[in-house]
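Here is the structure we will look at, set down as structure tokens.
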Amino acid sequence: MQDFASEVSHTRTLVNTFLSGELARRGYGGLAPSHGDILAELCREERVRMSELSRRIDRDPSTVTALVRKLVKLGFAKTERDETDGRATVVLLTERGRALERDFSEISELLRTTWEKNIAPEDLACAARVLAEMRRNLRDKIAGTAPPSKG
């Protein structure tokens with residue numbers, strides 16, 4: 001099964017290389033693929049609390065804070081205090097961030113059509129289910145909630 005883990009790792013590297021190249025080609029050189037999940041959430045919903053953003057993209061709050069700070073520095077996002085809870089911070093896209101939406105959507109579609117080439121839809125669906133189950137298994141094991149292994 002080591003080959004599978006290696007394939008996932010190499011595929012992730014290639015996806016990030018593809019995304020970085022497309023972002024740079026379109027003039028977004030400061031953005032990294034790791035910003036993608038945050039940008040996708042902000043495109044879906046105008047205002048998102050930092051804590052909710054962290055939960056939605058399944059990343060550590062400190063990682064999300066660092067990524068958001070970079071987006072703010074690059075002018076794609078801004079932060080402000082939540083109107084209903086002054087202790088919470090919300091993240092919003094700036095005008096520049098909103099302008100990125102079309103390119104972001106085009107890049108996502110290009111990535112999807114590129115990796116789906118010559119792969120049957122049912123195989124892609126199966127691969128997605130397998131990877132989701134692997135993530136659940138790993139999370140459970142890390143959290144100490146995995147059932148004892150058989151054998």
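Key figures
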| read-out | value |
| --- | --- |
| Distant-in-sequence amide H partners of A77 (H built 1.01 Å from N, under 5 Å) | V72, T94 |
| Cut-off under 5 Å, modelled amide H: who pairs with V48 long-range | V91 |
| Reachable aspartates and glutamates from K117, criterion Cα separation under 20 angstrom, eight or more residues apart if same chain | E7, E22, E106, E109 |
| Coil-residue chymotrypsin sites (Phe, Trp or Tyr not before Pro) of the range 43-138, DSSP, other Cβ within 10 Å capped at 16 | none |
| When the convex hull of its Cα atoms is projected in every direction, mean area for the chain (nm²) | 11.7 |
| Gyration tensor (Cα) of the range 1-76, equivalent ellipsoid semi-axes in angstrom | 24, 18, 10 |
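A short reminder: the numbers here are calculations on the coordinates, not readings from a lab. For clarity, every value in this text was computed on a predicted model and none was experimentally measured. Quick reminder, even Gly has a Cβ in these numbers, built from the backbone with ideal geometry, and neighbours come from all protein chains shown.
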